[in-house]
Amino acid sequence: MVNKVYIFTRVVGCTMSSIEQKREQKKFQQIMIALISIIAIFSILGSGCIQSQKGFPIVVVGRDSASGSREFFWEYVMKKENFSVFYLEKNSNGGIYQSVTQTPGAIGYVGLGYVDNGVKALTINNITANPANVLSGTYPIARNLYVFTKGNATGVAKEFITFIQSTEGQVIVQEEGFVPIPTTETYNSTGKSLSGILSIGGSTTVFPILEKAKETFMILYPGLQITVSSTGSGAGITAVGAGTVDIGMSSRDLKSSESNLGLVKYTIASDAIVLIVNPENTYVDNLSLAQVKAIYKGEITNWNEFS
Amino acid sequence: MQQSYRGRKKTEEDVGKEDWKPLRSEKPQQPFKKFFHSKKIIKEKSIKTVLFLTAISAIIVIFSIIIFLFKDGYPIFQTAGLWEFLSGTRWNPTGEPPLYGAFPLIVGTLLVTLGAMIVAIPLSIGSAIFISEIATPKMKAVIKPAIELLAGIPSVVYGFFGLIVLTTWLRISFSQSSGESWLAGSLLLGIMAIPTITSVAEDAISSVPREFKEGSFALGATRWQTISKVIVPSALSGITAGIILGIGRAIGETMAVMMVCGNPTYGLIPTSIANVFAPIKTLTATLGIEMGEVATGSNHYHALFGVALLLLIITLVVNIIATIILNRLKEKQRSPSKKKTHLSISIKQQIRKTLVFTIIMLCVVLLLSSMGILLTACIGLVVGAVYYLRKKVSAKTGQRIAFIAIAVAILTVIVILGVILVYIISNGAGALSWEFLSQGPSNLGRSGGIYPAIIGTLYLVSGAIAIALPLGVGAAIYLIEYTREGRLTKIIRAGADLLNGTPSIVFGLFGFAFFVLYLRMGFSLLAGQITIAFMILPTIIRTTEEALKSVPQSLREGSLALGATKWQTIKKVVLPPAAPGILTGAILGIGRAAGETAPIMFTAVVFSSFIPQSFVEPVNALPFHLYILATSIPNSARNQAGTALALLLLVIGIYLVAVLIRNHYQKTMKW
């Protein structure tokens, strides 16, 4: 008992009469009510001050400024004009896809291989993005994918590139959702035996093709070991230039600053750039190139404008 | 005790001779003995030299980081101009013409940090007061490790949580078009800064002398009055230092910010300070996103190094300020005599009045410009009401209200921790299985497991610790055992402190420029190991120093008195009891190394499924695997959650071991 009184005195600071205590209690309650109401008013005001946006605003999503895909998009769609200041950057095709699936108002651009039921692919000038339209040249936003070697390819690297460019290799390109290059040559492995290590690095876009091709190629030549890593086009070109990998993958051509590396270019596939929106977006199914440009410039900011 | 030993150490140069004196005086020197004797001296000297070299390693590292960043960043200042780089309002390095204006990135970094501090400071100070002044020992034993746990969650896991949960929640509940915003970044960074600020502030509050508290109670002050008028003011400089360290951490954070802030491509300065849902791009996020694909040697590449240099300078300045404040605090504690201020009290009051007035006017102007007259008036009214109530409230009621506020703060922190843990555990538990842990990924990580990533992380971490532990322990031994406090130790400690404050992404860029390109290592296990080793070096130096300091001086003196040499004393007497402390430091280093993504992103890791056979091959690592899954591989939600949980369990497991070791030895070791 004594102990309790002691603790009480220590906690409260001094002893109180019961009347004092009651008065204190009442005052405390009043103040708490006042405080809570102040907080409530404050939060209501706060939420009122946040302007909830009207209509269905467009969220523009795209690749980062170091990306090969963005460079292509900027040249062929934007005609080298600036993007909207609200253009949100993602550093991979998958990142754009992810963002579009998560955000109802988003629009993004990805490679053909990334289009599936999770997003809605838009037609451009009423032309669907598919391999046939890319090959015939009617789909307006398409580009080539490359691999690079330091000097002309030799040995294992040469065999591997020949394999990818053959009909067998191009089947893999097609399976991965890319557009094959026209070829009639078949790959002949009879009588050859390859061994050693081949290292490949570079573009995240090209990565799935070479990863799959590697698996098939290693079945043909069991003594061979191939590693494929996705580091980005720039890093891939740097690495092959520095000799740390044998083959560099890239979704863009060499830049002027990279022209002195002594690299040789091989085209292995084509790719279409597809505009995707969230499946909840019922406002559009088709855009003209001019409309795409207007959206990415920030001139059209709301999907309402299409209804 | 320390002092007396330091006094004795003045004869440190000829410590070997001194120890052998008795022998010499007993009988004449024999050639053999002489040879033996000189060999001993050589051994002692060479050990000292080696230790000295390890001690200056931290300084060498920080200097080479600065040199390499400068070397690769300098060209951009030439092409774009330093002023244009700092003040240009558009970051468009691949445009025509290319623009390298880092100003919006700097503003973005500062705004995110400002928001983070608004979130973190009240919560952390509340938690610190609660832990050190209010909590019972039992509560303290639960809450302190819980807050430390917040520090242990890897930043990529925070980013994952932010990307999936926080941004979606913000978007829906505030009916915005996108949740990726300044607010999301600030909330997340605020949470991440809480443990840093709390632990430093708590140390500062705990070290306030008991007499202050007792004196205040004796004068009849309530507990809250004592806390608010006596304890917090006297711990203020420590709390400030904690806040500054928290700011440093927030500025340097990469992964989480990059995943939730939206990253508008040219950098974006929000139109008003109230526009918290504007997307924002920070210095770190720019590096994290653009570094991977940039063409080496291009202007864009140099511009990114310029950004890294800028980031390093900002964080160094912030950390130096914190170090100065903390050092001053230490000096003050040593010599409590106050310097007399020349200002009279009335002038001081006047200054204070003007300061308060300017701040209020600034706030009013800011509010008016961003929210309009009506809202400003309302806010003014609310503030006035609170001020009026404050005067009316009695001490006891004030105490209750304050304690309720503190309880709300600590509960908020615990709830945040709980929500993050519950989300990750409940989502990840389904994916976690033996197959998941023991198989390689397939279908780009959507199915299959994470075995190569686990192995890669273990490789990276073990290599890093093998490099950092000898360096760090050697440096600490040199600092504590071989030198007196002086200019040299100050410089070495400053080097370690600066290294500690260097953002992890800067280590990544340095590793890329130095190991990958300059030394031509390529993306390799070794490059990643060394980069991580440099990052955890200061942690190991710091904890080893503490461990060595805790060994009583009398043990060393006893050993030396028995004729042991300096090195024998260190090896046989000092190191064994300090081992648990050193081990704790090493484990903390391992925990940090296992969770970091930014330093290995450009030096060692690739998203692939092979296990390296040699040091020159690249690896995959858990945090990087999670980052790629979460940001680049659609429809991999199950494996994302599984990887996040595996990473969290790994890192928390490591920390738990450290805590257990610490607690075990704290209990068993009594001097």
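Points to keep in mind about this one:
- Of all residues in segment A:79-126, those satisfying the criterion of being without any contact (Cβ under 8 Å) to a residue 12 or more places away in the chain and within 7 Å of chain B (Cβ to nearest Cβ) are A:80, A:95, A:98, A:102.
- Residue in segment A:263-282 that is nearest to residue A:116 (Cα to Cα), counting only those that are surrounded by fewer than 15 Cβ atoms within 10 Å (Cβ to Cβ) and of a type in the set (Ser, Thr, Tyr): A:282
- Residues of segment B:380-398 classified as in a helix (DSSP H, G or I) and under 22 Å from residue B:229 (Cβ atoms), total: 12
- Answer from B:412, B:376 - the residue that is modelled with pLDDT under 80 and of a type in the set (S, T, N, Q): B:376
- For the residues B:231, B:197, the requirement of being more than 14 Å from chain A (Cβ to nearest Cβ) and farther than 30 Å from residue B:107 by Cα singles out B:231.
- Pairs with Cβ under 6 Å, 6+ apart, first in segment A:221-246 and more than 18 Å from residue B:612 (Cβ to Cβ) and within 7 Å of chain B (Cβ to nearest Cβ), second surrounded by 21 or more Cβ atoms within 10 Å (Cβ to Cβ) and hydroxyl-bearing (Ser, Thr, Tyr): A:233/A:203; A:233/A:250; A:233/A:251; A:237/A:250; A:238/B:296
- Qualifying residues in segment B:517-526 (those that are in a helix (DSSP H, G or I) and in contact with a Phe, Trp or Tyr (Cβ under 6 Å, 6 or more places away or on another chain)) - the one surrounded by the fewest Cβ atoms within 10 Å (Cβ to Cβ): B:526
- Selection count, segment B:543-566, where residues are crowded, with 19+ Cβ neighbours inside 10 Å and basic (Lys, Arg): 2
- Scanning segment B:571-618 for residues that are of a type in the set (Ser, Thr, Tyr) and in contact with a helix residue (DSSP H, G or I) (Cβ under 6 Å, 6 or more places away or on another chain) gives B:584, B:597, B:603, B:609.
Listed here are the residues, each with its yes/no results for (1) in contact with a Gly (Cβ under 7 Å, 6 or more places away or on another chain); (2) within 14 Å of chain A (Cβ to nearest Cβ); (3) within 23 Å of residue B:509 (Cα to Cα).
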{"site": "B:578", "(1), (2), (3)": "no, no, no"}
{"site": "B:585", "(1), (2), (3)": "no, no, no"}
{"site": "B:588", "(1), (2), (3)": "no, no, no"}
{"site": "B:592", "(1), (2), (3)": "no, no, yes"}
{"site": "B:596", "(1), (2), (3)": "no, no, yes"}
{"site": "B:600", "(1), (2), (3)": "yes, yes, yes"}
{"site": "B:607", "(1), (2), (3)": "no, yes, yes"}
{"site": "B:616", "(1), (2), (3)": "yes, yes, yes"}
{"site": "B:623", "(1), (2), (3)": "yes, no, yes"}
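- Residues of segment B:287-304 that are at the interface with another protein chain (Cβ under 7 Å from one of its Cβ atoms) and touching a strand residue (DSSP E or B) at 6+ places or on another chain (Cβ under 7 Å): B:289 alone.
- Selection from segment A:153-171 of residues that are closer than 22 Å to residue A:258 by Cβ, out of contact with any helix residue (DSSP H, G or I) (no Cβ under 8 Å at 6 or more places or on another chain) and either in contact (Cβ under 8 Å) with a residue 40 or more places away in the chain or assigned to a strand (DSSP E or B) (or both): A:157, A:161
- Long-range neighbours under 6 Å by Cβ, at least six apart or interchain, first residue within 19 Å of residue B:421 (Cβ to Cβ) and touching a residue at least 40 places away in the same chain (Cβ under 8 Å) within segment B:134-152, second hydroxyl-bearing (Ser, Thr, Tyr) and crowded, with 17+ Cβ neighbours inside 10 Å: B:147/B:198; B:152/B:655
- Residue check for residue B:164: touching a helix residue (DSSP H, G or I) at 6+ places or on another chain (Cβ under 9 Å), in contact (Cβ under 8 Å) with a residue 40 or more places away in the chain and away from chain A (no Cβ under 14 Å): no
- Search result, residues across segment B:479-524 that are more than 14 Å from chain A (Cβ to nearest Cβ), under 21 Å from residue B:69 (Cα atoms) and aromatic (Phe, Trp, Tyr): B:507, B:510
- Candidates B:182, B:169 - the one that is in contact with a Phe, Trp or Tyr (Cβ under 8 Å, 6 or more places away or on another chain), closer than 30 Å to residue B:597 by Cα and within 14 Å of chain A (Cβ to nearest Cβ): B:182
- Total residues in segment B:261-286 satisfying the condition of being part of a helix (DSSP H, G or I) and either in contact with a Phe, Trp or Tyr (Cβ under 9 Å, 6 or more places away or on another chain) or facing another protein chain (nearest Cβ under 7 Å) (or both): the figure is 1.
- The set of residues in segment A:253-274 being within 18 Å of residue A:72 (Cβ to Cβ), touching a residue at least 40 places away in the same chain (Cβ under 8 Å) and either within 22 Å of the chain's Cα centre (by Cα) or within 12 Å of another protein chain (Cβ to nearest Cβ) (or both) consists of A:253, A:254, A:268, A:269, A:270, A:271, A:272, A:273, A:274.
- Hits in segment A:189-245 (condition: aliphatic (A, V, I, L, M), out of contact with any Gly (no Cβ under 9 Å at 6 or more places or on another chain) and farther than 29 Å from residue B:295 by Cα): A:218, A:219, A:220
- A single member of A:75, A:20 is at pLDDT 80 or above, within 10 Å of another protein chain (Cβ to nearest Cβ), exposed (fewer than 14 other Cβ atoms within 10 Å of the Cβ) and in a helix (DSSP H, G or I), and it is A:75.
- Some residue of segment A:183-200 being of a type in the set (Asp, Glu) and assigned to a loop (DSSP other than H, G, I, E, B): yes
- Members of segment A:30-44 found to be more than 10 Å from every other protein chain (Cβ to nearest Cβ) and over 17 Å from residue B:379 (Cβ atoms), listed by number: A:33, A:36
- Residue selected from segment B:378-419 under the condition of a type in the set (Ser, Thr, Tyr) and more than 8 Å from chain A (Cβ to nearest Cβ), by the criterion nearest to residue B:125 (Cα to Cα): B:412
- Taken together, B:463, B:430 contain a single residue that is modelled with pLDDT under 90 and surrounded by fewer than 23 Cβ atoms within 10 Å (Cβ to Cβ), which is B:430.
The values are calculated or read from the model by the stated rules, or taken from the named source; none is laboratory data. None of these values were measured; they are calculated from a predicted model. Note that each Cβ is placed from the backbone with ideal geometry, even for glycine, and that neighbours are counted across all protein chains shown.
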